[in-house]
Amino acid sequence: MSKHTPGPWKVLRPTGDIGGQDHNWHVTDAEDTFVAHVFGFNHAIDDQSEANARLIAAAPQMLEALEACAAYWYYKRSPSIPEQSELISLGAEQAQRLIKAAIVAAKGEI
């Protein structure tokens, strides 16, 4: 399986009309390379289409946060690492920071 397009990803509103619709959103990488297209069909669901695009764009951050959580739990459950280890504390802090950043990005609160 090949790797995904590296993040960060961002949400853009296309400048041109695609397929007769003007309620669409693009997800691109840092170099504006196309990653995904979210179709919207009318004004009533335009906010929902944008929210879907933001959720997709946050995927690399969510993956990073999940990896940090997995590492934290590995360290926490490892019998060779003392419970009060700085490694466990740093892992928890990193996981929490990444989780918060992914949630903010997914909700479009940047």
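Out of the residues in the range 40-59 meeting the condition of being at pLDDT 85 or above and either among the polar types (S, T, N, Q) or farther than 17 Å from E109 by Cβ (or both), tell me which one is surrounded by the fewest Cβ atoms within 10 Å (Cβ to Cβ).
The residue in question is Q48.
Identify the residue in the range 14-31 that is assigned to a strand (DSSP E or B) and farther than 17 Å from D47 by Cβ and, among all such residues, is modelled with the lowest pLDDT.
Across the range 14-31, the extreme among qualifying residues is I18.
Name the pairs: first residue in the range 85-97 and under 14 Å from L66 (Cβ atoms) and assigned to a helix (DSSP H, G or I), second residue of a type in the set (F, W, Y) and at pLDDT 75 or above, Cβ to Cβ under 6 Å, at least 6 apart or on different chains?
G91/Y72; G91/Y75; A95/Y72
Test of understanding: among L90, L66, which residue is at pLDDT 90 or above and more than 9 Å from the chain's Cα centre (by Cα)?
L66
The values are calculated or read from the model by the stated rules, or taken from the named source; none is laboratory data. In this text, all values refer to a predicted model and were calculated from it rather than measured experimentally. Don't worry about glycine lacking a Cβ; one is built from the backbone with ideal geometry, like all the others, and counts go over all protein chains shown.
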